[in-house]
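Below you'll find the structure, written out as C-alpha cells, and then a few comments.
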Amino acid sequence: MRVAVISDIHANLHALEAVLAAIDADAPGELWCLGDLVGYGPKPNECCALVQTRATVCLAGNHDLAVRGTIDLAEFSGDAGEAAGWTKTVLTDQSQRFLDGLEPQGEASGVALYHGSARDPVWEYVLSDEAATATFVLTEEQLVLVGHSHAALQVSLRDSVLEGGLAPGGTELELGGARRLLNPGSVGQPRDGDPRAAYLVLDLDRQRASFRRVEYDIERTQAEIRDAGLPELLAERLALGQ
C-alpha cells in the first residue's frame, strides 16, 4: 500500500491545494494527516473541508485543540495566540464538528501516528536525540510518524544506534533493517529553511519513503493573511521557510 502523509497545514489553502495536486498525480491509496489543520493561516474552514473529504486518517494538533476549546487559548502567546483567537471567531459549525472528533495520536496499517511525540502527543517537538529516543522507547512499531516541528525529519534506530536528521526534499529512504521515526514536514508553514510545501510518500509494501516538496503561490497566501488582519510576521515567514 502507498500512503501520502501531510501535517501542519495551518490554514494555508494554496499550499494544501498544491500538495494535494501533486499527491493526486502520484495516486497513493490513502492520505494521512498528522494534525494542525488550523492556526496561523487565513483559510481554516476551507482546509478543514478539504482534509475531511480527502484524509483516511486525521489527527488533532495543538492548534486544532485550542481552537475547538480543548486547550485553553491562554496556553498560546504572541502571534500564535492572536491567530488562534481569530480562527475561533471564523470557524464554522462544520469545521468545529470535524475538529471535535480528532485525537492527537493514532495508528494505521501498523504505523504509530502522533502529532507531537509518543511521550507528549500534543506539545513535544521531536528535534533532539533525547526526544526521538523517548518516542522509540515508548512505542513498538517499526515506523513512527510525527508532526508539530514543521521540519522534515528522518531518524533511524538500528542496534541501539540513533542516526538521522533533516530530510530535504528528494530524500529517499529504505525503511527495512531499522526502526524509523519520520516527520513529513509542514504543508503550510515550513520551518526547515525551505519555503516549499512539504509532504511524505510511503510505500509500505516496498518499505520505501520519499520526502517531497512542491511550490505554491506564497504571495497569494501572504495577501490573504494581511487581508484577514493577522500578524504581519505570519505572512513574512512563509517566504523564508522559518
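The values are calculated or read from the model by the stated rules, or taken from the named source; none is laboratory data. Just so you know, these numbers come straight off a predicted model, no measurement behind them. Cβ atoms come from the backbone with ideal geometry, glycine included; neighbour counts cover every protein chain shown. These accessible areas exclude ligands, DNA and RNA; they are computed on the full protein's heavy atoms, side chains included. Shrake-Rupley method; radii C 1.70, N 1.55, O 1.52, S 1.80 Å.
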Checklist outcome for this item: Within the under-13-Å Cβ sphere about T135, not counting T135, Lys/Arg +1 and Asp/Glu -1 give a net charge of -3
Item to check | Hz values of 3J(HN,Hα) by residue in the stretch 151-157 - Karplus curve (6.51, -1.76, 1.60), Gly and Pro given as x | outcome: 10, 5, 9, 9, 10, 10, 10
Next on the checklist: As an exercise, identify the GluC sites (Glu not before Pro) in the stretch 188-242 lying in DSSP coil whose Cβ has no more than 15 other Cβ atoms within 10 Å.
Outcome noted: E215
Next on the checklist: Compute for the stretch 1-115: radius of gyration divided by Kirkwood radius, i.e. Rg/Rh, restricted to C-alpha atoms, rounded to two decimals.
Outcome noted: 0.97
Checklist outcome for this item: For the chain, the Cα gyration tensor yields equivalent-ellipsoid semi-axes (√(5λ), largest first, whole Å) of 27, 19, 17
Checklist outcome for this item: Restricting to Cα pairs under 8 Å and 6 or more apart, the percent relative contact order of the chain works out to 23
Checklist entry - Net charge near P190, counting Lys/Arg +1 and Asp/Glu -1 over other residues with Cβ under 10 Å of its Cβ? => result +1
Checklist outcome for this item: Per the 1/(1 + (r/R0)^6) rule, R0 = 22 Å and r from the Cβ atoms of R2 and T53, FRET efficiency to 0.05 is 0.70
Next on the checklist: Please list, ordered by chain and number, the residues whose modelled amide H lies under 5 Å from the amide H of R179; skip anything fewer than 5 residues away on the same chain.
Outcome noted: L157
Checklist entry - Cα atoms only, the stretch 68-212: Rg and Dmax in Å? => result 16.3, 50
Checklist entry - For the stretch 50-183, what % of the accessible area comes from carbon and sulfur atoms, probe 1.4 Å? => result 48
Checklist entry - Relative contact order for the stretch 43-181 using alpha-carbon pairs under 8 Å, separation at least 6, rounded to a whole percent? => result 18
Checklist entry - Which values, in whole Å and largest first, are the semi-axes of the equivalent ellipsoid of the stretch 111-156 obtained as the square root of 5 times each eigenvalue of the Cα gyration tensor? => result 14, 11, 11
Item to check | Positive-end extreme of charge dipole, the stretch 1-152 - chosen from S7, A74, T92 (charges on Cβ) | outcome: T92
Checklist outcome for this item: One would report the antiparallel percent of DSSP beta bridges in the chain, rounded to the nearest 5, as 70
Checklist entry - What accessible area per residue comes out for the stretch 94-174, rounded to a whole number of Å², with a 1.4 Å probe? => result 48
Checklist outcome for this item: For the stretch 138-201, the dipole about the Cα centre with charges only on Cβ (Lys and Arg +1, Asp and Glu -1), to the nearest 20 debye, works out at 180
Checklist outcome for this item: Across the alpha-carbon set of the stretch 180-239, Rg over Rh with Rh taken as the Kirkwood radius works out to 1.12
Checklist entry - For the pair E172 and T133, how long in nm is the line joining their label points, each one 7 Å along Cα→Cβ? => result 3.3
Checklist outcome for this item: The extension gain from L162 to A25, computed as 0.36 nm times the residue separation minus the Cα-Cα distance, is 45.9 nm
Checklist outcome for this item: Phi angles of the stretch 126-137, converted by Karplus (6.51 cos²θ - 1.76 cosθ + 1.60, θ = phi - 60°) into ³J(HN,Hα) in whole Hz with x for Gly and Pro, give 8, 10, 9, 4, 5, 5, 5, 4, 4, 5, 4, 5
Item to check | the stretch 140-189, relative contact order in percent, only Cα pairs under 8 angstrom and at least six apart counted | outcome: 53
Checklist entry - With each pseudo-label sitting 7 Å past Cα toward Cβ, what's the K88-E215 distance in nm, one decimal? => result 4.0
Item to check | Loop-located trypsin sites (Lys or Arg not before Pro) in the stretch 175-242, at most 13 other Cβ atoms within 10 Å (DSSP) | outcome: R206
